[in-house]
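A short reminder: the numbers here are calculations on the coordinates, not readings from a lab. All values derive from a computational prediction rather than experimental measurement.
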Amino acid sequence: MKSGIKARVAGMLSVGVVTLAMGAAGVVAAPLSAATATTSGLTPAQKRAKAKAMKKCKKIKKASKRRACIKRVNKRFKPKPAPAKLAATVGVHDDYFSPTDVTIKKGQAVKWVWDNNNANAHNVTLVTGPAGLTPKDYYNLSTPNSPAVQYTFGPKALTKVGTYDFVCSLHSTVMNLKIKVTN
Ligand SMILES: [Cu+2]
């Protein structure tokens, strides 16, 4: 890509074209992140929108512009990868995680569910993880202090092989959780 900004503007323009085309047909544009999108392909509405956008591309006379248009449409309607498989659910209780040792495979997800009988606030804080995790990863794998009940966190995919050590920082001496991620 020669220019990130140019590409982005081109992308936005193509989105506009798709939206306009769909609007003209009286169809509401569905975002690609719609829950109905599947791994195998697009939803029927997305397929129609793609076909319409492609038709427009194919009317472009200049070959280079036509190819660029087709490329943009293909990129815009690329199916999203499947969401990570939920492999474990960890209970957040007063004052312990349950279970405290979890093993999952790389790329699988973990969800935390607060016990509705809790009286205390808790959090999930990633203390140490495999090499290569960024500060953003640490942030994404931690919560603020929660209300005691009716709170969930995740599912969060763990993408690096190794050991993730979590605590509740409010009860760090007793609330520990070790998640091992294997290949
Ligand atoms: Cu706690």
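Quick one: what are the phi-derived ³J(HN,Hα) couplings along the stretch 108-113, Karplus 6.51/-1.76/1.60 with θ = phi - 60°, whole Hz, x for glycine and proline?
Each residue of the stretch 108-113 in turn: 7, 10, 10, 10, 10, 10 Hz.
Amide H to amide H under 5 Å from Lys105: which residues, 5+ apart in sequence or cross-chain, H placed 1.01 Å off N in plane?
Thr182
Once each part is reduced to its C-alpha centroid, what is the distance from the stretch 147-162 to the stretch 69-111 in angstrom?
Comparing the Cα centres of the stretch 147-162 and the stretch 69-111, I get a distance of 9 Å.
Taking θ as phi - 60°, what are the ³J(HN,Hα) couplings along the stretch 93-100 by the Karplus curve (6.51, -1.76, 1.60), each to the nearest whole Hz, with x for Gly and Pro?
Residue by residue, the stretch 93-100 yields 10, 8, 10, 7, 8, 9, x, 9 Hz.
From the square roots a ≥ b ≥ c of the eigenvalues of the alpha-carbon gyration tensor of the stretch 60-122, which class results: rounded (a/c under 1.5), prolate (a/b over b/c), or oblate?
It is prolate, given that a/c is not under 1.5 and a/b is the larger ratio.
Quick one: of the DSSP bridges fully inside the stretch 76-183, what percent are antiparallel, nearest 5?
Taking every DSSP beta bridge with both residues in the stretch 76-183, the antiparallel ones total about 60 percent.
Could you compute how fast the stretch 30-183 diffuses translationally, taking Rh as the Kirkwood radius over C-alpha pairs and applying Stokes-Einstein at 25 °C with viscosity 0.890 mPa s? Give it in µm² per second.
135 µm²/s
Sort all Cα-Cα distances of the stretch 91-171 into consecutive 5 angstrom bins from zero, then give the percent of pairs in each bin up to the one containing the longest distance.
Spelled out per bin, shortest first, that is 3, 15, 28, 27, 16, 9, 3, 0.
Quote to one decimal, in nm, the extra length available between Ser64 and Ser172 on full extension: 0.36 nm per residue of separation minus the C-alpha distance between them.
Full-extension gain reported as 32.9 nm.
Among Lys80/Lys180; Lys75/Lys136; Lys136/Lys160; Lys55/Lys78, which pairs are too far apart, with a Cα-Cα distance over 20 Å?
Table pairs above 20 Å Cα-Cα are Lys80/Lys180; Lys75/Lys136.
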